[in-house]
Amino acid sequence: MRKKLHKLHAYFALASLIPLIIIAVTGSLLVFKFELDTLLLPEVASISLPVEQQENTTLTRLNINELVTQINQQFSDYEIGSWELFDDKYQADRVYLLKRYSESWFKIHLNPYSGEVLSTPVPIHHDLTDWLVQLHFTFLLNDLGFISPQLGTIIGLIASIIMTFLGISGLIIYRKFWRRFFKFRWDAKLAAMMSDLHKLVGIWCSPIILILGITGGYFNFIEYWHETFEHGEEAHHIMTDRLYNAELDFQQLLTTSTEKITSFTPQYLLFPFEPKMAWTVFGSIDTNNPFASAYGSTVSFNAMTGKYLSHYDIRTSNTSTQVFDSFRTLHYGNFAGLWSKIIWCVMGLSPLILGASGFYLWYSRIRRKRVSKQS
């Protein structure tokens with residue numbers, strides 16, 4: 001049984017080597033997405049404040065009604081689709097726009113304290129880190145017009161399943177892994193050193209490999225299910241007219257959302273981009289779950305009248321729902337600030353090391369068999 005599992009472990013690893021390396025490298029970089037955006041797009045992704053304002057801890061955002069009106073007037077060929085709010089005086093808001101008479105989404109950056117639009121509308125995968133997100137989850141293979149419009153998502157799902165299998169099978173194969181926590185033969189031959197490296201990295205990184213495999217697979221599955229079964233053959237709605245009442249008091253709706261759920265902090269606004277959609281506020285809440293996402297709770301309003309419709313408090317949901325909500329934070333590794341991000345970034349590269357060492361061991365084994373046959 002163990003021998004068969006070892007072969008399956010090797011075959012699946014070889015078959016998924018390239019996708020897993022792409023996922024590992026891009027994922028490790030994306031752990032520091034905001035930091036990379038700030039470095040690469042300093043005048044767009046981040047907010048430059050005067051020294052006196054940087055020291056002002058009571059710096060407040062402009063009224064959301066004023067910001068919505070400004071964006072609608074400045075970008076009349078677009079409609080607001082969603083809006084990421086950041087209560088960080090150094091990070092710009094991201095507003096996602098849907099171009100009228102098309103299915104094309106664009107993105108702008110906004111200083112919510114001054115109302116200044118920091119960038120022109122660009123496709124949502126225009127910037128390097130957003131392109132890396134697309135590469136990470138779809139390998140740039142979606143919507144290419146052959147096989148399946150969700151080809152990249154399917155490959156990502158399969159790769160995530162294989163990653164999970166490799167993590168579990170590796171622990172089973174080396175079930176007495178506690179004996180090898182610090183074992184490494186520095187003075188051995190290269191093959192022995194590669195074997196020790198493979199086992200050592202696999203043992204230390206297997207918990208995070210399993211977390212990334214399971215959560216990544218979940219996100220790919222949800223995306224595939226949504227596009228294939230919820231949309232099905234139905235094409236996306238083409239935006240021709242505004243689907244919400246621009247005269248609504250959005251600032252009051254935000255205030256109401258904080259009253260409907262205790263300790264609710266708005267983090268993301270979803271404007272209707274399809275008929276019958278509500279205007280929805282996603283947000284974070286105070287909870288004992290350290291891995292709770294910033295978008296787990298919602299408050300919805302009628303997009304035309306502003307009438308309160310419903311709210312959802314993640315704290316009142318069942319255990320499985322709260323676990324799934326934690327997947328976002330666990331996948332990105334930002335639950336404990338800088339330290340967890342560093343750990344996720346470093347250990348997220350383990351498939352690269354495991355792939356290289358595993359390939360070397362496989363190739364060495366094949367070469368020895370060939371030499372033996374020739375002898």
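The values are calculated or read from the model by the stated rules, or taken from the named source; none is laboratory data. Keep in mind the model is a prediction, meaning the values are calculated, not measured. Cβ coordinates were reconstructed from backbone atoms using ideal geometry, including for glycine residues, and neighbour counts include every protein chain displayed. Heads up: the accessible areas ignore ligands, DNA and RNA and are worked out on the full protein's heavy atoms, side chains in. Shrake-Rupley method; radii C 1.70, N 1.55, O 1.52, S 1.80 Å.
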Quiz item: Within the bounds of the stretch 65-77, is there any residue that is in a helix (DSSP H, G or I), open to solvent by less than 30 Å² (accessible area, probe 1.4 Å), free of Cβ contacts under 8 Å to residues at least 60 places away in the same chain and β-branched (Val, Ile, Thr)?
Solution: yes
Quiz prompt | Hits in the stretch 83-103 (condition: open to solvent by less than 10 Å² (accessible area, probe 1.4 Å) and part of a strand (DSSP E or B)) | solution = 83, 93, 95, 97, 98
Quiz item: Does residue 248 meet the test of being open to solvent by less than 30 Å² (accessible area, probe 1.4 Å), at pLDDT 95 or above and touching a strand residue (DSSP E or B) at 6+ places or on another chain (Cβ under 8 Å)?
Solution: yes
Quiz item: Taking the stretch 274-292 on its own, how many of its residues are touching a strand residue (DSSP E or B) at 6+ places or on another chain (Cβ under 9 Å) and either within 30 Å of residue 99 (Cβ to Cβ) or in a strand (DSSP E or B) (or both)?
Solution: 8
Exercise. Please list, ordered by first then second residue, the pairs with beta carbon atoms under 9 Å, 6 or more apart or interchain, first in the stretch 271-290 and within 30 Å of residue 239 (Cα to Cα) and in contact (Cβ under 8 Å) with a residue 40 or more places away in the chain, second buried (at least 16 other Cβ atoms within 10 Å of the Cβ) and among the polar types (S, T, N, Q).
Key: 271/82; 271/280; 273/82
Quiz prompt | Residues located in the stretch 182-199, provided they are open to solvent by 60 Å² or more (accessible area, probe 1.4 Å), modelled with pLDDT of 75 or more and within 35 Å of the chain's Cα centre (by Cα) | solution = none
Exercise. For the stretch 51-61, state whether one or more residues are open to solvent by less than 30 Å² (accessible area, probe 1.4 Å) and either among the hydrophobic types (A, V, I, L, M, F, W, C) or closer than 27 Å to residue 155 by Cβ (or both).
Key: no
Quiz item: So residue 168 fits all but one of (1) open to solvent by 50 Å² or more (accessible area, probe 1.4 Å); (2) modelled with pLDDT of 85 or more; (3) farther than 24 Å from residue 10 by Cα; what number is the exception?
Solution: (3)
Quiz item: Out of all the residues in the stretch 119-127, is one or more polar (S, T, N, Q), in a helix (DSSP H, G or I) and open to solvent by 40 Å² or more (accessible area, probe 1.4 Å)?
Solution: no
Quiz item: Within the stretch 200-217, can you find the residues that are crowded, with 18+ Cβ neighbours inside 10 Å and among the aromatic types (Phe, Trp, Tyr)?
Solution: none
Self-check item: Hey, residue 138 open to solvent by 60 Å² or more (accessible area, probe 1.4 Å), under 30 Å from residue 43 (Cα atoms) and among the β-branched types (Val, Ile, Thr) or not
Solution: no
